[in-house]
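Heads up, the thing below is written out as structure tokens.
Rule-based calculations on the coordinates, nothing more; no lab input. The shown structure was predicted, so the numbers you read here are calculated from the model rather than taken from an experiment. For neighbour counting, all protein chains shown are included, and Cβ atoms are generated from backbone atoms with ideal geometry for every residue, glycine included.
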């Protein structure tokens, strides 16, 4: 008998490649489905589409923007989520400086300067020691090019309009993992700690020598944390 299905929700400008190391490990024991979050311009729309395409009950993982979608799915259908993992994400809405940064990136993308979006984001996405890692950067660039300008802007619009999910956290009753790269510059450790403190019984995992894309930066550590969470 197969274990419960696993639903993975990628982040901004990301595809299934964000979770390839996890898919390779966990698909041997359970059905794994990666959400296509590129077709909607609201977090709620992404969540509703994911729920419509998901099995009746499932374990749920979201990274970054995928975490916003996962929290919306938890809000909309808590009885279907058997366990929840929130990776390199936050329950907070954007502060003003982040909102301004997003609007600048959208302007770059729409003006034919999409390559500059990567140049702006890359230093903040991974651990400083990996800035020169061309193989890792190639994965991130390929995901960005597959996403494209239109989907990138839809995702940014969804992020800008997202609700504050902090009031939801205390009602989450399923086994929950909050995981963050120790050097995540976008959603730092204190944001993960805030979520873990607010969710009853949540476990916090801080991944050493990883930034915002922990799943592909430090897959061995991430897979170990996910395996432990799936056994809870």
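Of note:
- Cross-chain or 6+ apart pairs with Cβ under 6 Å, the stretch 140-154 first and touching a residue at least 12 places away in the same chain (Cβ under 8 Å) and at positive phi, then assigned to a helix (DSSP H, G or I) and buried (at least 19 other Cβ atoms within 10 Å of the Cβ): none
- Residue under evaluation residue 102, criteria (1) in a helix (DSSP H, G or I); (2) under 18 Å from residue 157 (Cα atoms); (3) under 15 Å from the mean Cα position of the chain (by Cα), criterion not met: (3)
- Condition met for residue 109 (within 25 Å of residue 219 (Cβ to Cβ) and touching a residue at least 40 places away in the same chain (Cβ under 8 Å)): no
- Filtered residues of the stretch 175-196 (kept if within 19 Å of residue 74 (Cα to Cα), assigned to a strand (DSSP E or B) and under 14 Å from the mean Cα position of the chain (by Cα)): 177, 178, 179
- Look at (1) buried (at least 16 other Cβ atoms within 10 Å of the Cβ); (2) more than 30 Å from residue 175 (Cβ to Cβ); (3) free of Cβ contacts under 8 Å to residues at least 60 places away in the same chain; (4) over 18 Å from the mean Cα position of the chain (by Cα) and you find that residue 122 fails only one, number (4).
- Selected residue (criterion: farthest from residue 125 (Cα to Cα)) from residues of the stretch 176-190 that are in contact with a strand residue (DSSP E or B) (Cβ under 8 Å, 6 or more places away or on another chain) and surrounded by 19 or more Cβ atoms within 10 Å (Cβ to Cβ): 176
- Of residues in the stretch 197-221 being more than 16 Å from the chain's Cα centre (by Cα) and not in a loop (DSSP other than H, G, I, E, B), the one nearest to residue 139 (Cα to Cα): 220
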